[in-house]
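One structure is given below, encoded as structure tokens.
The values are calculated or read from the model by the stated rules, or taken from the named source; none is laboratory data. Since this is a predicted model, take the numbers as computed values, not measurements. Cβ sites come from the backbone with ideal geometry, for glycine too, and all protein chains shown count toward neighbours. In case anyone asks, the SASA skips ligands and DNA or RNA and just uses the protein heavy atoms, side chains included. Shrake-Rupley method; radii C 1.70, N 1.55, O 1.52, S 1.80 Å.
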Amino acid sequence: MAAAGAFLMLFLVSHLATNLLLLAGDGGKSFDKAVEFLLANPVIKIVEYVLFAGFLIHIVIGVILEVHNRRSRPVGYAVALKSETSTFSRFMIHSGIIIFIFLLLHLYHFFFVKIGLVDIYGGAESVHDFFPMVVYMFKNPVVSAIYVVSFIFLGFHLKHAFQSAFQSFGLNHDKYMPAIKFVGTVYAIIVAVGFSIIPIYFLFLY
Ligand code: HEM
């Protein structure tokens, strides 16, 4: 689960970097070039399959673990743990479910268009012409709000996920844990804020 999660965390960095090109102010030219480059690269096709497998593995194992934990302790602890780690870790399944619902909506908005399951919209000229679709989507305040709220939950999910992955790989050490937690928090903030800027920009500034 941690390996799949770590892969997804790397994907988010590359997806964020590509999507930030939407803000270049050139009508989507740089973004289109990046999409063209990705489409032309056969390795990316394989990475896409690995990505979906990664999501599937991560979600299935996450749900199995949650069910197992609940079965092992159907009655909660009499005294609630107060540590920060336990607060975030206890809500991983909830933030995970919200991210999963977001993902279904998100795939419907863009990926399903690319594979021809949903018609193009927003004045797009082809299934790969994402810029007009992004503008059309984020001009809708309800869609933008759903995206930003989802990114906030994603940030909380990642904050715990980052340090948890180190623990799962056995790379945690008392001495380095504060640094790992700090880097995890910075990573989570960059991802949540970085993605949120995009709908906010198109809703208010474009
Ligand atoms: C404002 C933020 C975002 C924008 C504008 C955006 C935009 C896009 C676009 C245009 C595509 C289709 C590209 C293609 O299929 O070649 C796509 C695909 C995808 N997005 Fe996003 N995305 C955002 C945030 C996210 C987040 C936060 C996640 C994960 C939690 C995510 C996961 C995916 C996945 C799994 C795909 C399909 C795989 C792929 O085609 O690479 N996206 N996104």
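Residues that are polar (S, T, N, Q) and in contact (Cβ under 8 Å) with a residue 12 or more places away in the chain: does the stretch 169-189 have at least one? So that I can check it myself, show each step before the final result.
Start the filter on the stretch 169-189 by keeping residues that are polar (S, T, N, Q), which leaves 172, 185.
Okay, now just the ones that are also in contact (Cβ under 8 Å) with a residue 12 or more places away in the chain, so 185.
Yes, the stretch 169-189 has at least one match.
Taking only the stretch 163-206 into account, find how many residues are among the hydroxyl-bearing types (Ser, Thr, Tyr) and part of a loop (DSSP other than H, G, I, E, B). Write out each step before concluding.
First, pick out the residues of the stretch 163-206 that are among the hydroxyl-bearing types (Ser, Thr, Tyr): 164, 168, 176, 185, 187, 196, 201, 206.
Now drop any that are not part of a loop (DSSP other than H, G, I, E, B), which leaves 176, 206.
Matching residues across the stretch 163-206 total 2.
Condition test on residue 153, is it open to solvent by 40 Å² or more (accessible area, probe 1.4 Å), in contact with a Ser or Thr (Cβ under 7 Å, 6 or more places away or on another chain) and within 11 Å of the ligand (Cβ to nearest atom)?
Numbers: open to solvent by 40 Å² or more (accessible area, probe 1.4 Å): yes; in contact with a Ser or Thr (Cβ under 7 Å, 6 or more places away or on another chain): yes; within 11 Å of the ligand (Cβ to nearest atom): yes.
Here the answer is yes, as residue 153 does meet what is asked.
Considering only the stretch 16-29, how many residues are within 12 Å of the ligand (Cβ to nearest atom) and more than 18 Å from residue 159 (Cα to Cα)?
Kept after step one, since they are within 12 Å of the ligand (Cβ to nearest atom), are these residues of the stretch 16-29: 16-23, 28.
Going one step further and asking which of them are more than 18 Å from residue 159 (Cα to Cα), we end up with 17-23, 28.
Number satisfying all stated conditions: 8.
Return a yes/no flag: does the stretch 155-162 have any residue that is part of a helix (DSSP H, G or I), touching a residue at least 40 places away in the same chain (Cβ under 8 Å) and either farther than 22 Å from residue 61 by Cβ or out of contact with any Phe, Trp or Tyr (no Cβ under 8 Å at 6 or more places or on another chain) (or both). Lay out the reasoning, then the answer.
From the stretch 155-162, those part of a helix (DSSP H, G or I) are 155-162; that's our starting set.
Add one more test, that the residue is touching a residue at least 40 places away in the same chain (Cβ under 8 Å), and what stays is 156-162.
Okay, now just the ones that are also either farther than 22 Å from residue 61 by Cβ or out of contact with any Phe, Trp or Tyr (no Cβ under 8 Å at 6 or more places or on another chain) (or both), so 157, 161.
Checked against the condition, which is being part of a helix (DSSP H, G or I), touching a residue at least 40 places away in the same chain (Cβ under 8 Å) and either farther than 22 Å from residue 61 by Cβ or out of contact with any Phe, Trp or Tyr (no Cβ under 8 Å at 6 or more places or on another chain) (or both), the stretch 155-162 yields at least one hit.
Among (1) modelled with pLDDT of 95 or more; (2) surrounded by 15 or more Cβ atoms within 10 Å (Cβ to Cβ), which single condition is residue 33 missing?
Result: residue 33 passes all but (2).
Name every residue in the stretch 1-32 that is in contact (Cβ under 8 Å) with a residue 12 or more places away in the chain, more than 30 Å from residue 183 (Cα to Cα) and assigned to a helix (DSSP H, G or I), in order of residue number.
Passing the criteria: only 32.
Run down 122, 116, 96 and say which single residue is within 27 Å of residue 152 (Cα to Cα), at pLDDT 90 or above, within 16 Å of the ligand (Cβ to nearest atom) and assigned to a loop (DSSP other than H, G, I, E, B).
Of 122, 116, 96, the one residue that is within 27 Å of residue 152 (Cα to Cα), at pLDDT 90 or above, within 16 Å of the ligand (Cβ to nearest atom) and assigned to a loop (DSSP other than H, G, I, E, B) is 122.
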